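Report on one structure; see the data block that follows.
Derivation of every value follows stated rules applied to the coordinates shown; laboratory data play no part. None of the values given here were measured: they were computed from a predicted structure. Methodologically, a virtual Cβ is constructed for each residue, glycine included, from the backbone with ideal geometry; neighbour enumeration extends over all protein chains shown.
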């Protein structure tokens, strides 16, 4: 028998239907026998809690793919055009000869590092802000949630310890299976030392902070959340964003070092999904990079280029 009352409440594209039967009359009771008064049947609508903006409830899969495409277009354009112009500008300032030696080319790469990272980060932030405003979204849509910041910072410190533990266990196992991994990690350290300019240890702090904010905002805050909305699941989003994150590091690091990069991406992705904030991942990422730079500086000593 169909219900007499039907209440519909829209929630994130779903329709919740509540069936309320017709109230029945109180039975005939002989006079003089006390009874409770009939229950008043009133439908009280309790609104369902809104989905967090981090899950992009108002964005369609098509628009999510569109946003990913716009950010990818910017990053590719930057590498081909802005990076090329910056390279020419640095060569002009340094007075590099038309046929530079290997040493001159290395000096150009070192001089370009900080300006290139800064411009890339600034441009990505602007693109993400424009896309978010176009969709009517706020900073929470990319995991920039400041509520519970002290707890998120503490979690970021704990995540750093977890990351180092996982890396130590994984690389030890990999060493037993493939002893050549030691040589590859040493080669990776040499590449990083060549890439980083001759900075003082205190100057490593803004560099590590900049890289942590930029990479977590782009890969975990923006790319991973849009991939989840586009594909419909966190698993695919984490896998795809990790593949992209690791592949982009393949240009500068050795294959064994990419194992470390993969571990970082997976852990940072999981903690971001758990906390719905990229703050813990930013803290852990920046401190990891800072600690690695300091360790390399101590190992290299005066040979740091």
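At q = 0.20, 0.23 Å⁻¹, what is the base-10 log of I(q)/I(0) for segment 161-241 according to the Debye formula with one equal point scatterer per Cα and no solvent? Please give it to two decimals.
Results for segment 161-241 at q = 0.20, 0.23 Å⁻¹ read -1.06, -1.04.
How would you order 285-292, 220-227, 274-281 from highest to lowest mean count of nearby Cβ atoms within 10 Å?
Going by the mean number of other Cβ atoms within 10 Å, highest first, we get 220-227, 274-281, 285-292.
Under a point spin-label approximation (7 Å from Cα along Cα-to-Cβ), what is the residue 139-residue 168 distance to one decimal in nm?
According to this spin-label approximation, the distance is 3.5 nm.
Each label point is 7 Å from the Cα along the Cα-to-Cβ direction; what then is the distance between the points at residue 270 and residue 205, in nm?
With each label point 7 Å from Cα toward Cβ, the separation is 3.2 nm.
Subtract the Cα-Cα distance of residue 158 and residue 247 from 0.36 nm times their separation in residues, and report this length gain in nm to one decimal.
29.4 nm
To two decimal places, what compactness ratio does segment 54-303 give when its Cα radius of gyration is scaled by 2.2 N^0.38 Å?
Segment 54-303 yields a ratio of 1.06.
Could you work out the relative contact order of segment 54-303, using alpha carbon pairs under 8 angstrom and six or more residues apart, expressed as a whole percent?
Relative contact order of segment 54-303: 32 percent.
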